[in-house]
Every structure is written in structure tokens, then in C-alpha cells.
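Remarks on the structure that follows.
The values are calculated or read from the model by the stated rules, or taken from the named source; none is laboratory data. Small disclaimer: the values here were computed from a predicted structure and weren't measured. Neighbour counts run over all protein chains shown; Cβ positions are idealised from the backbone, glycine included. These area figures cover heavy atoms from the full protein model, side chains too; ligands, DNA and RNA do not enter into them. Shrake-Rupley method; radii C 1.70, N 1.55, O 1.52, S 1.80 Å.
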Amino acid sequence: MAFLFHREALHSRGVRSAVPKVRMTLEITHLGSGSRGNATLLQTEESKVLIDCGFSGRQMEHRLAQIGVDPKSINAILLSHHHSDHVQGARIFQKRHGAQLFANFTTCAKLGFDPINQCRIFEALERMQISPDLSVLPVPIPHDGADNVGFIINSGSNGRAAVVTDLGEPTEELIQHLKGCAHISIESNYDAKRLTLGPYPAHLKARISGRGGHLSNRQTADLLAEILGPQTKSVVLCHLSEKNNAPHLAESEVLFQNENWSGDLRVSTQNGPEFSHWLGQAEAEILSL
Ligand SMILES: [Zn+2]
Ligand SMILES: [Zn+2]
């Protein structure tokens, strides 16, 4: 069975050249996540794909440069929904570097993108074959005023992964798709107590904690308790609120409710890129950047 090992010694940025060349499989790198911007990079032998492009064009280039990725090598950008923390740099990045944008019809319309020349439309639950070794399934998830989707990524024998943020509650459909994923990146947005006692006005607190808002640490931990098994090697908690949450709270809630799960648990913050996960090697690998 595959196991995980860490290269914690490699803390400095730009250490990629110091790492022995490994067979490219499905590599997942969090370029940053939170209410100020979200972007995740998927790399296989045949393609490089961004899930969301929520930093400025310059920031996206800067973050990709830190892991030695040429922005012109990005084939596709998949947009989950139209909120600016997920799309901010999408158009400028496309104009400068030519990546193909993908979004569903509502997201494309809300952003005012031309659905023929600027954006390819995908349908919920319709598998997109991005390259021979990478296909992606958009799964609808509830999020106020947006037609949001989570992405289930299939890279053949490398296994399946998921990137899911911005949902008020998990759906049965999502839970079924998350089961068996080798890697899961999922939001853990707020700590219920911090939100209740925090500075936000009542209407905003109600929106965040409502069905169309975000997942609390408790909701994420409950969801993971339902789906985690030995097949899931790694989980990344994403989109943490800087005002209503803290990494140790999110992490400890998940660990508390999943004490029998022994995979790798990490928290992604705004200051990526921080680490990569590789799926599909005999030895799954995690690199701290
Ligand atoms: Zn959103
Ligand atoms: Zn968001």
C-alpha cells in the first residue's frame, strides 16, 4: 500500500531543483486559499490546470514562478463560481498567457464573459476530458447567489482527488463523489463560536452559517468522518476565515472526529504556494515548499 513521507527539511522556496526528479503523476499544489484569493494547480504528464484564478494576474504569475511553472504552460482554468476571490485574475491571465477558461453558464454570464470566444461552458455532472490523463467532474454545491461547483478530478491509475470550497452544507451527491478520493481539499471556513462572538453584523453571520454560506469546522469534520477511510491519503483544509477561524481550531476539530484516520492533514492559507501532494506514485509524496 502507498504511504506518505515528508520532506520537511526543504522549507525554502525554489527548492524544486534540489528534489530528485520524480515520475510526473497527479501533482496538486495550493497556490493560496481564503477570502482574499483561491487557486489550486493540478499537474499531470499531459496537462497543467488551474482550479480558480482568484489572485491578480501578477500574483498568479509570482506564485507560479515560485514553483518553477511557466504561466504559458497552463492549458486550462476551471472556475468554480463568479465570486472575485475565485476569478479575480482569470481574464487577465487568459489574455496574457492564452489558457482556456471553463465555467458553467451562470458563472460565465455573471462575469460577462463571451461564452463562445472567452469561455467554454461546462454542465454540472458532465465529465470534462482535459487531457488523456486528466478528467474533471463539476458537482453542484449550495452557495448563495452563485451556481457553484466542487471539482472531482480523475487521473486514471493515479487516482481521484477533490477540490471543494464555498458551500453552506454538503449534499448527498457530493458525499458520494468524495468517497474513495485519494486526496481531498475542502473548505473549513469558520469556527462557530468565533463567528458568533466575532465582529460581523448579524445578517452576515446568518449568511455565512446558512445553507448557502460556508462550512464550519464542525461541519467539515462531520463530513470527513463520513467519508474518510484508508483510501484517502491526504486532506487539505482550505478557505479558512482570517477573522472567524484559526488553523489549529480547524485542524483539531477534524482530528478529534477522525481519530482512526492516519493520512496527512494540512491547512492551506493565503500565503501559498506552501506544499504539493503527488498522487499515483508507489510512494505518494508530499513536498513542503
Ligand atoms: Zn463564494
Ligand atoms: Zn470563496
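Rounded to the nearest 500, the helix-only mean residue ellipticity at 222 nm of the chain stands at -6500 deg cm²/dmol, with each DSSP H run of n ≥ 4 adding -39,500 (n - 2.57).
The antiparallel fraction among DSSP beta bridges confined to the chain stands at about 55%. Counting lysine pairs in the chain whose alpha carbons fall under 28 angstrom apart, excluding pairs fewer than 8 residues apart on the same chain, gives 17.
For region 190-235, the normalised intensity computed at q = 0.31, 0.34 Å⁻¹ comes to -1.12, -1.23 (log10 of I(q)/I(0), Debye sum over alpha carbons, equal scatterers, no solvent).
In region 60-146, what percentage of the DSSP-assigned beta bridges are antiparallel, given to the nearest 5? The antiparallel proportion sits near 45 percent.
Largest accessible area first, the residues Y200, Y190 order themselves as Y200, Y190 under a 1.4 Å probe with ligands, DNA and RNA left out. Let me check against my output: what whole-number percent is the relative contact order of the chain, with C-alpha pairs under 8 Å and at least 6 apart? Here the relative contact order equals 22 percent.
Stokes-Einstein diffusion coefficient for region 191-289 at 25 °C in a medium of 0.890 mPa s, Rh from the Kirkwood formula over Cα pairs: what value in µm²/s?
Rounded to a whole number, D works out at 165 µm²/s.
Can you work out the FRET efficiency for the pair E259 and I92, with r the C-beta to C-beta distance and R0 = 45 Å, to the nearest 0.05?
That pair, E259 with I92, gives E of 0.50.
Given +1 at the Cβ of Lys and Arg, -1 at the Cβ of Asp and Glu and no other charges, the dipole of region 166-230 around its Cα centre is 340 debye to the nearest 20. Across all C-alpha atoms in the chain, the radius of gyration and Dmax reach 17.7, 52 Å. Counting only DSSP beta bridges with both residues in region 162-289, the antiparallel share comes to about 20 percent.
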